[in-house]
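Just below is one structure, and these are the notes that go with it.
FYI, it's all coordinate maths here, none of it is from the lab. Because the structure is predicted, anything quoted here is derived from the model rather than measured. Don't worry about glycine lacking a Cβ; one is built from the backbone with ideal geometry, like all the others, and counts go over all protein chains shown.
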Amino acid sequence: MTMTTERTMTDERVSSPPARLALTPAGAPPGLLDGAWWPRSRDLFRELPALTDRLERCWGRITRVTVNLTHWPVIPPKVPVAGHTVHVGWFTDEQDPHKLIALSYSAGRWDLLVIPPETSAASAARLMSAATTPGSLLTASMLMDDEDAIREAGEDRGRESEWDTEGGAAPPPLRHPIRPPTPAPEG
């Protein structure tokens, strides 16, 4: 797999819509995830400023994030955000491919499920709800696997429904065909 880590840095902040983010309620029992993030693209340079803007309101200054490079085609080493720079690190085997870790020197670490940008709104809503369940012991990949199973089951039901509305398969032959009664002999 080819990975690019360089990108031209500018001081100009790329404007993007607010981050789609759901966080575990404050004071809730800790779990393996602290919330979920649903970026609009796989461009960290464009997406991180909106994410850090939302996170910093709750958690203080985000100084570093790490991702698994599996789902990110370009990993910029630094991303300019409002008033500072966020350093970006990446891992392959050490970090769940569906997770982003946000770090703050003053406030700690948060693990977020990263919902793929192409995910439907219904799936994203289910994933955000699951990722913010207080005390949950489900990993990011476990949540994604569960959602894939739900989606596949829905697709199977859709195919069955389509099959039924198109007439479906011909019914199997009867084991004991119904025959008209034979006339009684005369006599």
(message) Given points 7 Å out from each Cα along the Cα-Cβ axis, report the Ala28 to Arg57 separation in nanometres with one decimal.
(response) 1.7
(request) Return the sequence-ordered ³J(HN,Hα) values of segment 128-144 in whole Hz as given by the Karplus equation 6.51 cos²θ - 1.76 cosθ + 1.60 applied to θ = phi - 60°, using x for Gly and Pro. (result) 5, 5, 5, 6, 9, 6, x, x, 5, 10, 8, 7, 4, 5, 4, 4, 5
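Taking the Cβ of Leu113 as the center, what net charge do the other residues with Cβ under 13 Å away carry, scoring Lys and Arg +1 and Asp and Glu -1? Let's see the in-between values first.
Working: positive: Arg20, Lys99, Arg126; negative: Asp34, Asp96, Asp111, Asp145, Asp146, Glu147.
It works out to a net charge of -3.
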(request) Note the full-extension length gain between Phe91 and Tyr105 as 0.36 nm times their separation in residues minus their Cα-Cα distance, in nm to one decimal. (result) 3.0 nm
(request) Enumerate the residues in segment 94-115 having an amide nitrogen under 16 Å from the point lying 7 Å beyond the Cα of Thr139 toward its Cβ. (result) 94-101, 111-114
(request) Would you grab the residues whose amide H sits under 5 Å from the one on Trp90? Only those 5+ places off in sequence or on another chain, please, with H modelled 1.01 Å from N. (result) Val67
(request) Give me the distance in nm between label points sitting 7 Å out from Cα along the Cα-to-Cβ direction at Arg42 and Lys78, one decimal. (result) 2.7
(message) Per residue of segment 31-40, what does 6.51 cos²θ - 1.76 cosθ + 1.60 with θ = phi - 60° give for ³J(HN,Hα)? Whole Hz please, x for Gly and Pro, Karplus curve as stated.
(response) x, 7, 10, 9, x, 9, 10, 10, x, 8
